[in-house]
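Where a number appears in this text, it was derived from the coordinates with a stated rule and is not lab data. On a predicted model such as this, the values are computed, not experimentally measured, just so you know. Every residue, glycine as well, gets a Cβ built from its backbone with ideal geometry; the counts of neighbours run over all protein chains shown.
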Amino acid sequence: MPILKIADFNKLISLKKMSPVYLFSGEETYFIDICLKSLEKIINADNLNREVFYASENSARDIINALSTLPFLSEKRLIIVKSVENIKATDAGQLSEYLLNVVETSVLVLLYNNNYKKETISKRKELINNCISSKFCVSVDCRKLYENEIKSFIKNEFNFRKKNISYESISKIIDNNGLDLLSIVNEIEKVCLFVGENKKEVSQEDLSLISGYTQELNIYSLSSCIESKDLKKALFILDKLLTQGEEPVVILSVISSSIRKMLNAKSMLEESSMSATEVASNLKIHSFYSGLFFTNLKKHDTKQLQQTLKKILETDVSIKTGLSDTSFALEKTIVYACR
């Protein structure tokens, strides 16, 4: 089966006909996430019938064993393999063999977050090519959009929400958010919420009014990105904050606050044996965000957090004494925190 575009996949998934294997590959993680969510909605597998593996950490044998397990009180099992771009050559070879004899009671989803056309490892390349050519696999091209395509994407997203917007205003959204689709979609949601349901036309004035709230939102987002170790987005937000004229000391304070909060949470969990609920209450973490906070907390260890605090102190001194370029010093600190 030839590799599908996003629009073709959406048409196919609307028919609710499932294939044993799916490959979502490309550099646009927003599209990969959307495709996965659409598929998950159709399969509707509960926790007993849904497993997530990471290609760099789990073996092909583990994945195939999960695929061979019969579903429990369900029609299908859903097996998701993330970061296939990091899969070992031997495991890639075994999954290629699986494509020759798939298990009909399971659905295998491979997420390849990179440009699959530039794959250089022969076994990985073979796995990608076998997926694309296999009659059992639906392959979807989740490539990055060009700027002119992003303009059409933004226009369609507003139309879907029953809003009209000029191309001048669309250009302003791109100037403010770059070409990252997740940031753009979040901005669209924010704009639509700001103008309300009754207003159908989104003007440049609306975008100017809402930009006043953007700096505060970016401060919160920077903290969230550091907690999740999303380095790319954290650096993007840092650039926006500096462009907006935010004080470097304030930005560094936000980074420090985020690290201290995680360090305190680690101490309460590991040394005081407190429950996650008790920790959230003590640190005043809203219940809506607590689940994500504790998930992200697992990505950090106590020693690393302590070292990051020392790095923040060094950065503070270098900025205040003029020993380092402010922007570069903050970038290095965020890279260190997200390492």
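How far apart, in nm, are the 7 Å Cα→Cβ label points at Glu314 and Ser208?
4.5 nm
Using Cα pairs closer than 8 Å and at least 6 residues apart in sequence, work out the relative contact order for the chain, in percent.
The normalised contact order for the chain reaches 16 percent.
How do 7-15, 112-120 rank on mean C-beta neighbours within 10 Å, highest first?
112-120, 7-15
Counting helices only, and only those DSSP H runs with n ≥ 4, report the 222 nm mean residue ellipticity of the chain as the sum of -39,500 (n - 2.57) divided by its residues, in deg cm²/dmol to the nearest 500.
-19500 deg cm²/dmol
Could you tell me the calculated FRET efficiency between Phe294 and Val249, based on Cβ-Cβ distance and R0 = 25 angstrom, to the nearest 0.05?
Rounded to the nearest 0.05, the efficiency is 0.30.
How far is the Cα center of segment 156-185 from the Cα center of segment 1-46, in Å?
Centre-to-centre distance over Cα atoms comes out at 24 Å.
So if R0 is 41 Å, what FRET efficiency would Asn159 and Ser133 give, r being the distance between their Cβ atoms, rounded to the nearest 0.05? Could the numbers behind the result be given before it?
On the way: r = 36 Å, r/R0 = 0.89.
E between Asn159 and Ser133, to the nearest 0.05, is 0.65.
Express the relative contact order of segment 147-228 as a whole percentage, based on alpha carbon pairs under 8 Å and six or more residues apart in sequence. Let's see the in-between values first.
On the way: 49 pairs, mean separation 24.4, N = 82.
Averaging sequence separation for qualifying contacts and normalising by length gives 30 percent for segment 147-228.
Take the Cα pairs of segment 147-228, get the Kirkwood Rh, then feed it into Stokes-Einstein at 20 °C and 1.002 mPa s and tell me D in µm²/s.
Approximately 163 µm²/s, per Stokes-Einstein.
Considering only Cα-Cα distances, which of the following residue pairs are longer than 32 Å: Lys88/Lys303; Lys41/Lys135; Lys88/Lys155; Lys88/Lys298?
The pairs that break the limit, which is 32 Å between Cα atoms, are Lys88/Lys155.
Going by how many other Cβ atoms sit within 10 Å of their own, how do Glu157, Glu201 line up, fewest first? Present the calculation step by step, with values, prior to reporting the outcome.
Values: Glu157 18, Glu201 12.
Sorted ascending by nearby Cβ count, the order is Glu201, Glu157.
How much length is gained on full extension from Lys303 to Glu57, taking 0.36 nm per residue of separation minus their Cα-Cα distance?
Separation in residues times 0.36 nm, less the Cα-Cα distance, equals 86.3 nm.
Can you tell me the orientation of helix 29-43 relative to the chain, as the angle in degrees between its alpha-carbon axis and the longest Cα principal axis, to the nearest 10?
So the inclination is approximately 50 degrees.
Summing +1 for each Lys or Arg and -1 for each Asp or Glu, what net charge is found among the other residues whose Cβ lies under 13 Å from the Cβ of Glu157?
So the surrounding residues net to +3.
Using Cα pairs under 8 angstrom and six or more residues apart, how large is the relative contact order of segment 219-292, in percent? Kindly include the intermediate steps, with their values, before the conclusion.
On the way: 34 pairs, mean separation 18.7, N = 74.
With pairs under 8 Å counted, the relative contact order is 25 percent.
Considering the values [x] 37, 28, 20; [y] 36, 23, 21; [z] 31, 27, 23, which represents semi-axes √(5λ) of the Cα gyration tensor in Å as calculated for the structure under consideration?
So the calculated entry is the one marked [x].
At q = 0.15, 0.20 Å⁻¹, what is the log10 ratio I(q)/I(0) for segment 6-141, with the Debye formula run over Cα points and no solvent?
So the normalised log intensities are -0.66, -1.24.
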